[in-house]
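What follows is one structure encoded as structure tokens, with my remarks underneath.
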Amino acid sequence: MTTGKFITVEGIEGVGKSTNMRRLIDRLESGGKTVVETREPGGTPTAERIREVVLGHAEEPIPATAELLLMFAARSVLVENVIRPALKAGKWVVSDRFVDASRAYQGGGRGIPADRIEALAAWVLDELEPDATLLLDAPVQTGMARTSSRGEPDRLDGEQAAFYSRVRETYLALADASPDRFHIVDASGTIEEVGTRIDEIAARLLSIGH
Ligand code: TMP
């Protein structure tokens, strides 16, 4: 039996993830795929509760280690209860963020050593890896300008430009290290320009399967 494909969408805040994810999913569905859309942290009732804990404003500091472990706790629930069953049933899964976000935010942003994150990834994911990852990339100032015009900021939205620069650099380094998996999308263009690139990637994923 053929299993479905697992696609993740990554990028710093304000790069247009939601709009472009919608477009990607529409294209894949038009191509005949059944798509399960999810997000991290979250995507199941329990994982959404963990999301509230880790992204909500806390009355005490949340150590970077706890932040990382909460991300992986939510990930474990999502992987076992949603992602693996969907892939096994032949569905495609598109997730708004996944393990690369832990590498970029808790690794690059917070400075947690990569080997600790990889140990957790090996444990929790047990060989599950995205078949393709779209990295929406734009300069930090572009992203921050877009998020500041949005509603209520979450705990991580309060981070400074230097933090997001490290996150962005880490994402780009990850893409450089795994060019077959990553598709970098220049997200600084117009909605239509970025959308055209999303369409190309969707067509490629549909034709060659990854
Ligand atoms: P978003 O759903 O609006 O993108 O917000 C999710 C936030 O959580 C965003 O600031 C990135 C952060 N995050 C991490 O720091 N590590 C992770 O592993 C994941 C999945 C998200």
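The values are calculated or read from the model by the stated rules, or taken from the named source; none is laboratory data. What you see is a predicted model, and the numbers here were worked out from it, not measured in a lab. Virtual Cβ from ideal backbone geometry, glycine too; neighbours counted across all protein chains shown. Areas reflect the complete protein model, heavy atoms only, side chains present, ligands, DNA and RNA absent. Shrake-Rupley method; radii C 1.70, N 1.55, O 1.52, S 1.80 Å.
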### Query
Tell me, what ³J(HN,Hα) does each residue in the range 169-175 have, in order and in whole Hz, if you take phi through Karplus 6.51 cos²θ - 1.76 cosθ + 1.60 with θ = phi - 60° and put x for Gly and Pro?
4, 5, 4, 5, 5, 4, 5
### Message
Which residue, G56, Y105, T133, has the largest displacement toward the positive end of the dipole of the chain when charges sit on each Cβ (Lys, Arg +1; Asp, Glu -1)?
### Response
T133
### Task
Using the Cα centre as the reference, give the magnitude of the dipole from point charges on the C-beta atoms of the range 1-55 (Lys, Arg: +1; Asp, Glu: -1; all else neutral), rounded to the nearest 20 debye.
160 debye
### Task
Could you please put S188, S18, S102, S178 in sequence from largest to smallest accessible area, using a 1.4 Å probe?
S18, S188, S178, S102
### Task
Report in % the part of the accessible area of the chain that belongs to carbon and sulfur, leaving out ligands and nucleic acids; probe 1.4 Å.
52 percent
### Summary
Candidates G14, G43, G151; GNM for the chain (alpha-carbon contacts under 10 Å) flags as most fluctuating G151
#### Entry: Highest-fluctuation residue, D176, D137, D115 considered, GNM on the chain with Cα pairs under 10 Å
D115
### Message
How long are the semi-axes of the equivalent ellipsoid of the range 6-208, defined as square roots of 5 times the Cα gyration tensor eigenvalues? Whole Å, largest first.
### Response
25, 21, 16
### Message
Treating only the Cβ of Lys, Arg, Asp and Glu as charged (+1, +1, -1, -1), what charge dipole size does the range 6-208 show about its Cα centre? Round to the nearest 20 debye.
### Response
300 debye
### Query
Mean separation of Cα pairs under 8 Å and 6+ residues apart, divided by the residue count of the range 6-208: what relative contact order is that in percent?
34 percent
